[in-house]
Amino acid sequence: MEYCSPVFHNLHAFWSSPVKKKLLLLSIMFVVWVYMLYSCVGYCSTMPGLTAPATGRRSDLVSRLLAKPQDRVPDPSAMSSFSNGSGSKKLPQAIIIGVKKGGTRALLEFLRVHPDIRAVGAEPHFFDRNYENGLEWYRDLMPKTLEGQITMEKTPSYFVTREAPARISAMSRDTKLIVVVRDPVTRAISDYTQTLSKKPDIPSFESLTFKNRTTGLIDTSWSAIQIGIYAKHLDNWLQYFPMDQILFVSGERLISDPAGELGRVQDFLGLKRIITDKHFYFNQTKGFPCLKKAEGSSKPHCLGKTKGRTHPNIDPEVVQRLRDFYRPFNMKFYQMTGHNFGWD
């Protein structure tokens, strides 16, 4: 007769009972579940956003884990991170506020190459023409940005709009302002050239420049002349913003040394100098620097044909009278900004 121990008989008897077998399996599963649950509690308690006072921490977390799906409340921080994954629309932290025909379009196109700058292509004209639409309307025009990126826009007419400084300050006193300035005489002729391309029947530049050609009195009510009185407009801005929050970019240097001026702008915005000489080449035909690669493209990009129009010939005497007119304003502007732009 084969020998069998009592232990073997007991095990055989236990396993031969279906009820007891199920009880054992359920006991093992429960022990494993409890172990996993308490392991999760210990791990989750170290995660940001899930920390809590020691008393009741585990019981609170257990109740959250056991809650029905419809009873669970989403973690706000988790939802925020999710929405930021694709970016969010923010009010601009930096604005190119002027000046018309100074080189603002070139500056914006060059800046958009930087991965940490997102800018509106069209001019919003919010602070001069569309202010009644409200800040939410303005925000909705902005591109989506990720954490660390800067939202920008440019509207050159802001610089000469009397209400603009107060309105931008009301939005945010920390807004950084960029002004692209250019020899006011050359700027006035460029302004006239643009208008002439749209309205070929307008009077001559010379006749629009003077209230009376005989007396030589300059007509400062003509916008082409008035915009170039930079010191006067800057006075208005300094009532709301400190000088160190305004950067003045030379329109002339933006053509002769684009990388140098872009370096100053990137420093002003607190960004790494990514846009350098390697991004530009000089187009001899247009007389302007062009981008070797535009934003989101592998092809070279020059400004449109509306930029760099040939200026009409202006009477040299009129040009000289304009230089004499602007000289004292230019000197004051140099003193205010601490920079000599060399326009005389």
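The values are calculated or read from the model by the stated rules, or taken from the named source; none is laboratory data. Bear in mind the structure is a predicted one, so any value in this text is a computation, not a measurement. Cβ sites come from the backbone with ideal geometry, for glycine too, and all protein chains shown count toward neighbours. Heavy atoms of the whole protein, side chains included, go into the accessibility calculation; ligands, DNA and RNA do not. Shrake-Rupley method; radii C 1.70, N 1.55, O 1.52, S 1.80 Å.
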Spacing of the two label points (7 Å from each Cα toward its C-beta) at K278 and D116, in nm: 1.8
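Given all pairs of different Cα atoms, what value in angstroms does the Kirkwood hydrodynamic radius of segment 123-182 take? Numbers along the way, then the final one.
On the way: mean 1/r = 0.0796 Å⁻¹.
So the Kirkwood estimate lands at 12.6 Å.
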Pseudo-spin-label distance K293 to L217, built 7 Å along Cα→Cβ, given in nm, is 5.9
Could you compute how much accessible surface V160 exposes when probed at 1.4 Å, giving the result in Å² to the nearest 10? 50
In whole percent, how big is the carbon plus sulfur part of the accessible area of segment 107-146, probe 1.4 Å, protein atoms only? 47
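What's the Kirkwood radius of segment 140-248 in Å, using all Cα pairs?
Values: mean 1/r = 0.0610 Å⁻¹.
Computed over Cα pairs of segment 140-248, the Kirkwood hydrodynamic radius comes out at 16.4 Å.
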Once both label points are put 7 Å beyond Cα along the C-beta direction, the R173-R129 separation in nm becomes 3.2
In Å², rounded to a whole number, the accessible area per residue of segment 160-242 with probe 1.4 Å is 46
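How far, in nm, would the chain grow between L196 and L26 when pulled straight, counting 0.36 nm per residue and subtracting the alpha carbon separation?
On the way: separation 170, 0.36 × 170 = 61.20 nm, distance 8.99 nm.
Gain in length upon complete extension: 52.2 nm.
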As a test of reading the structure, rank E317, E109 by solvent-accessible area (1.4 Å probe, protein chains only), most first. E317, E109
For K89 and R323 in one chain, what is 0.36 nm times their gap in residues minus the Cα-Cα distance, to one decimal in nm? 79.8 nm
Quick one: ranking K176, K144 by accessible area, 1.4 Å probe, largest first, what do you get? K144, K176
Residues of type aspartates and glutamates that K286 reaches as a straight line, Cα spacing below 20 Å, ignoring anything fewer than 8 places off in the same chain: E109, D183, D191, E252, D257, E261, D277
Which three extents, in angstrom, do the Cα atoms of segment 186-344 have along their principal axes, listed largest first? 54, 38, 24
Run the accessible area of segment 152-248 with a 1.4 Å probe and give the carbon-and-sulfur part as a rounded percent. 48
